[in-house]
Amino acid sequence: MGVAIIDSGIAAHRALSGKIVATVDFTRDGRGRGRDGYGHGTHIAGIVAGDAISAKKGEGAAGMAPGAHLINLRVLGNDGSGQVADVIEALDWAIENRGQFNIRVINMSLGTAVT
């Protein structure tokens, strides 16, 4: 099962090793290449699909769906800010590519001021 994470990207972490099957950076600068300079997207990815690092040593805990694979859709910059248009573009991409990556869940843990 695929879970699209629309957030600040996903950093390399051993609890997420081999879980990320696609990365698309929708930020306007595109320099991040999907890497998480803010930390929130990696945190969410761990909650969703992280593997326990070492069950024997009691290090780390498994995520809610450790068998899932992740689709990293970066829409937030290194300061956690972003554009609504980038979020919409990422949603469109996830819907268009749901069959290819078996996307069954889209996670957006985003916030904005009321306007």
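Would you pick out the residues in the range 19-49 that are open to solvent by 80 Å² or more (accessible area, probe 1.4 Å) and closer than 19 Å to Ala68 by Cβ? Outline the logic, then answer.
Residues of the range 19-49 that are open to solvent by 80 Å² or more (accessible area, probe 1.4 Å), as a first pass: 28-29, 31, 33, 35, 38, 43, 47.
His43, Ile47 - these are the residues of the range 19-49 that are open to solvent by 80 Å² or more (accessible area, probe 1.4 Å) and closer than 19 Å to Ala68 by Cβ.
State the number of residues belonging to the range 63-78 that are in contact with a Gly (Cβ under 6 Å, 6 or more places away or on another chain) and closer than 24 Å to Arg33 by Cα. Write out each step before concluding.
To start, the set of residues in the range 63-78 that are in contact with a Gly (Cβ under 6 Å, 6 or more places away or on another chain) comprises 63, 69, 71-72, 74-76, 78.
Filter once more, so that each one left must be closer than 24 Å to Arg33 by Cα: 69, 71-72, 74-76, 78.
Of the residues in the range 63-78, 7 are in contact with a Gly (Cβ under 6 Å, 6 or more places away or on another chain) and closer than 24 Å to Arg33 by Cα.
Taking into account only those residues within the range 72-89 that are assigned to a loop (DSSP other than H, G, I, E, B) and not hydroxyl-bearing (Ser, Thr, Tyr), which is surrounded by the fewest Cβ atoms within 10 Å (Cβ to Cβ)?
Of all residues in the range 72-89, those assigned to a loop (DSSP other than H, G, I, E, B) come to 75, 77-81, 83.
This time we only want the ones that are not hydroxyl-bearing (Ser, Thr, Tyr), so: 75, 77-80, 83.
On the way: Val75: 26, Gly77: 19, Asn78: 16, Asp79: 9, Gly80: 15, Gln83: 14.
Selected residue: Asp79.
Among the residues of the range 1-17, how many are open to solvent by 40 Å² or more (accessible area, probe 1.4 Å) and either in contact with a Ser or Thr (Cβ under 8 Å, 6 or more places away or on another chain) or assigned to a loop (DSSP other than H, G, I, E, B) (or both)?
Initial filter on the range 1-17 (open to solvent by 40 Å² or more (accessible area, probe 1.4 Å)): 1, 12-14, 17.
Still in the running and either in contact with a Ser or Thr (Cβ under 8 Å, 6 or more places away or on another chain) or assigned to a loop (DSSP other than H, G, I, E, B) (or both): 1, 12-13, 17.
Summing the residues that are open to solvent by 40 Å² or more (accessible area, probe 1.4 Å) and either in contact with a Ser or Thr (Cβ under 8 Å, 6 or more places away or on another chain) or assigned to a loop (DSSP other than H, G, I, E, B) (or both) in the range 1-17 gives 4.
If I ask for residues that are of a type in the set (Gly, Ala, Ser), assigned to a loop (DSSP other than H, G, I, E, B) and modelled with pLDDT of 90 or more, which ones from the range 18-36 would you list?
Gly18
Working only within the range 90-107, note down all residues that are open to solvent by 80 Å² or more (accessible area, probe 1.4 Å) and touching a Lys or Arg at 6+ places or on another chain (Cβ under 9 Å). Explain how you work it out, then say what you get.
Restricting attention to the range 90-107, the residues satisfying the condition of being open to solvent by 80 Å² or more (accessible area, probe 1.4 Å) are 95-96, 98, 100, 104.
Selection gives Arg98, Arg104.
The values are calculated or read from the model by the stated rules, or taken from the named source; none is laboratory data. No experiment lies behind these values; they were computed from the predicted model shown. Methodologically, a virtual Cβ is constructed for each residue, glycine included, from the backbone with ideal geometry; neighbour enumeration extends over all protein chains shown. Heavy atoms of the whole protein, side chains included, go into the accessibility calculation; ligands, DNA and RNA do not. Shrake-Rupley method; radii C 1.70, N 1.55, O 1.52, S 1.80 Å.
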